[in-house]
Structure formats: structure tokens, C-alpha cells
């Protein structure tokens, strides 16, 4: 009997089992990345505020590149979920091959551009002190070399998640992050007879870990789970229709990320004017905040995959039930994690740095962000459902409007105009998250996603 036609007493346990089957590996992977990020940031944090700022500025640049090739991953996840729901094995393989090749092509061009123009990009985007810029240039010029590896790993993970397999990306993340932490410690501080490379060592550790992850992800697709067969790889030909469908869904999602990253660059330029301690507190606050929002990422992934699979099986009622239950489970987890941010901010910041002023400022950031975690995470699940339906334009518009018409103008007005400094910036961020939650809720429950085709266009 189809799940949507089962008695209510049987439906909820089945829904929850399917949600948890996808969520727990994705959540474990996110938590692992969060913990590794905190450990790595803590190691860099003890190199000083300039090192923290340099990593933060470099990350803004690499995240823009990630946003561009994430278009391929998002499109692949949605189309593969639809194909799995329709039991179309050929479409799964076709989409996976086209997505992987497209991602490698796009990121290779972007990597060459970043490596070639690393210094110009850093100095052009950020009016930071020369010490921060010099360290940032050095760090960026190294980590940029790992971006093709990251593209392979991320798109392969997106392919597997679209098929409902979140366990394998989790296992790969365990290996990659373990290598990253171990090498970061060895290369920053100099163990086993090696010299202490400082921040340069942290950058090298990232690239090596990403290279290992790319190899594991590729072997998983082609050998372990055989999503891409050897014959399909050998007879590869560009398929314009499949590529267009991937991009039709993925490009709006990529622009959503680009809007976010570009807005963060503008925000960082504003924050820099308040001082190095404020910049470091903001960067460490973002890392610490992941204690709350990274565990909830798995619910957004589940909403996308299960929405796509349900619509592929031509069952919109089931899709609706999946998203509703995912929202409930996500809210329960978020209340707990947000509580940690609100009640223990100084203790969290103390793990990341020994700078008293940075700890004091970072605690203010964490308490404000704790208030916005519930609306932020619920909006993430609803947007995941919209993406699974192919409606990636709505989250893009909501994100763009919130960031550029609310967050940035309000941050300037409160931080500079009213003289609130960095606190004004953080208050503006909190208000933006609440307003975007309202917009995402309205868009989802209005119901147009039920008419969205796999191409992302509405009837």
C-alpha cells in the first residue's frame, strides 16, 4: 500500500524512519565538520587575531567559488531524486555523469583565476590591515589549489544524497576531517621532527585532506555503489538537455549562495572598520554558531531529497507530509542547540581563543544568533522542500532581498549611523533572519511548488 494511503497510525512512524535514515548521517557529517572547524579554528586562533582575520577573509573568496559550482550539485540532487522516485536508473546515471564533468570544468577555470589573481582579489575586496592581507593572500593562494578536489567531493556527495544515500558522504567526511585535523596540528606547530609552518601548514592540510576526499568520492561513485558505470564514463558525450536541466534548477540556488557570499564580503568590509578584535569575534562567532545550525543542515537535505523523490513518484501529498514532519523534528533539535549558544557563549568562545576582548564580543554575537536559530533552521527546511520541488528561484529572491535590502542597509544604519558599532551589525543580521523566515514560510505554504516542474518553471 502506498505510504500516503496508509492509516495515520502507520504513516508517521514510516515518515520519521525515512527522514531519520537520511538525516542522521547528514547531521553527523555536519556536526563532524562543525567540530573539526572549531578545532582547526582554535589552532589557528592561537596564532593571533591577524591569522583569524586572514582565514576569515580568504574563506569569503573560496566560498564564492563554492557557490558557483554548487549550482551543479543542487541541480543534480533534485534531478536524481526525481529519477530515483520514478525508478529511472538510466536517468540517474546520465545526470550523475553530466553533473560531475560539468563541475570539474567549471571549478578548474575558477581555480586558475583565483590562483592567478589571489593578491589582487584580496586587496581589491578587503581594505584590511597589511598584516591581515599578507597572511590572507598566502593562505588563499594555497587553499585555492584544493578547490577542484572540493568540487568533486561536493558534487559526488550531492549525487549520493539525491539518491537518498547520506551515509557514504558521512563516511568520507570522517576520513577527510580526520586527516585535516591531524595534519593541521602537525604542520602548524611542528611535530614528528617537522618545522612549525604556522598558518601555511593549516592551508596545506586543507588541500591534502580535500585531495583524499576527492579520490574516495570518485571511487565510491564508480566502483562501490556503481552510480556511474565504467562504460558510461568511457562513452561520455556532453548532453545539452541534461546540462540545461541541471543548470535551470541549480543556477538560482547558486545565485542565492553568491548573493550571500557577496553580501558577506560587503559586511566584512564594514566590520573591518570597527577593528581587528571585532573582525576576529565575528569570524569566531560564525564558527561557534555552527554548533547550532550545522546539525540542522541534515534536515534541509532530507527535505530536498524526499520532496524530489515523492514528486518523482507523482505523490505531492506525500511530499507535503515529509516536509511537515521534517520541520517538527528540526525544531526540536534546534531548541536544544540554540540553548547552548544562549546560556554558554563565553565557555564556547574560550575554546576558540584566549583573547579576552574577542571572547567578550563573541559572546554578544552568540546570544543574538541564538534568538534567531529557530526561525533560521525552519526556513532552511522549507527552502529545502522548495528546492526539491525545483522551485529554486523563490529561496534565491528571498535571500537576495533579505541580504541586500534588509541586512546590509540596516547594518550600516545601526552600526555606523547610530554608532552601535559591531553590535549594530549583529542586530541587523538577527532581524534579517526573522524576516526571511516569514517570507519562506509564506512561499512554501502558499503552494505553488505543487505545480513546479523538474525544470524549475511553474505551469
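The values are calculated or read from the model by the stated rules, or taken from the named source; none is laboratory data. All of these numbers come straight from a predicted model, not from anything done at the bench. Don't worry about glycine lacking a Cβ; one is built from the backbone with ideal geometry, like all the others, and counts go over all protein chains shown.
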In region 344-393, the residues that are within 22 Å of residue 448 (Cα to Cα) and outside any helix (DSSP H, G or I): 389, 390, 391, 392
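Please verify whether residue 396 is farther than 28 Å from residue 314 by Cβ and either part of a helix (DSSP H, G or I) or at pLDDT below 95 (or both), treating the condition exactly as stated. First the steps, then the outcome.
Working: farther than 28 Å from residue 314 by Cβ: no; either part of a helix (DSSP H, G or I) or at pLDDT below 95 (or both): yes.
Answer is no for this residue.
Between 434, 336, which is more than 20 Å from the chain's Cα centre (by Cα) and assigned to a helix (DSSP H, G or I)? Before the answer, list the steps.
Numbers: 434 fails: more than 20 Å from the chain's Cα centre (by Cα).
Checking each option against the conditions leaves just 336.
Residues 329, 371: which one is in contact with a helix residue (DSSP H, G or I) (Cβ under 8 Å, 6 or more places away or on another chain), in contact (Cβ under 8 Å) with a residue 24 or more places away in the chain and surrounded by 19 or more Cβ atoms within 10 Å (Cβ to Cβ)?
On the way: 371 fails: surrounded by 19 or more Cβ atoms within 10 Å (Cβ to Cβ).
Just one listed residue meets the conditions, 329.
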Residue within region 402-417 that is under 20 Å from the mean Cα position of the chain (by Cα), surrounded by 24 or more Cβ atoms within 10 Å (Cβ to Cβ) and on the phi < 0 side of the Ramachandran plot present: yes
Exclusive hit being modelled with pLDDT under 75, within 17 Å of residue 154 (Cβ to Cβ), touching a helix residue (DSSP H, G or I) at 6+ places or on another chain (Cβ under 8 Å) and part of a helix (DSSP H, G or I), set 65, 72, 36: 36
Checking residue 263 against (1) more than 24 Å from the chain's Cα centre (by Cα); (2) under 28 Å from residue 136 (Cβ atoms), the condition it does not meet: (1)
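Can you confirm whether residue 319 is surrounded by 17 or more Cβ atoms within 10 Å (Cβ to Cβ) and either modelled with pLDDT under 85 or within 19 Å of residue 415 (Cβ to Cβ) (or both)?
Numbers: surrounded by 17 or more Cβ atoms within 10 Å (Cβ to Cβ): yes; either modelled with pLDDT under 85 or within 19 Å of residue 415 (Cβ to Cβ) (or both): no.
Judged against the criteria, residue 319 is not a match.
Give the residues of region 292-305 that are touching a helix residue (DSSP H, G or I) at 6+ places or on another chain (Cβ under 6 Å) and either within 27 Å of residue 103 (Cα to Cα) or surrounded by fewer than 21 Cβ atoms within 10 Å (Cβ to Cβ) (or both), sorted by residue number. First the steps, then the outcome.
Of region 292-305, the ones touching a helix residue (DSSP H, G or I) at 6+ places or on another chain (Cβ under 6 Å) are 292, 294-305.
Answer for region 292-305, where residues must be touching a helix residue (DSSP H, G or I) at 6+ places or on another chain (Cβ under 6 Å) and either within 27 Å of residue 103 (Cα to Cα) or surrounded by fewer than 21 Cβ atoms within 10 Å (Cβ to Cβ) (or both): 294, 295, 296, 297, 298, 299, 300, 301, 302, 303, 304, 305.
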Region 415-428 residues that are in contact (Cβ under 8 Å) with a residue 60 or more places away in the chain, paired with ones that are assigned to a loop (DSSP other than H, G, I, E, B) and buried (at least 17 other Cβ atoms within 10 Å of the Cβ) (beta carbon under 6 Å, 6 or more apart): 415/421; 421/274; 422/274
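Out of curiosity, is residue 136 over 27 Å from residue 305 (Cα atoms), within 24 Å of the chain's Cα centre (by Cα) and at pLDDT below 80?
Working: over 27 Å from residue 305 (Cα atoms): yes; within 24 Å of the chain's Cα centre (by Cα): yes; at pLDDT below 80: yes.
Answer is yes for this residue.
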Sole exception among (1) surrounded by fewer than 21 Cβ atoms within 10 Å (Cβ to Cβ); (2) assigned to a helix (DSSP H, G or I); (3) touching a helix residue (DSSP H, G or I) at 6+ places or on another chain (Cβ under 7 Å) for residue 182, by number: (3)
Residue match in region 107-114 (condition: at pLDDT below 75, crowded, with 23+ Cβ neighbours inside 10 Å and either within 29 Å of residue 289 (Cβ to Cβ) or touching a strand residue (DSSP E or B) at 6+ places or on another chain (Cβ under 8 Å) (or both)): no
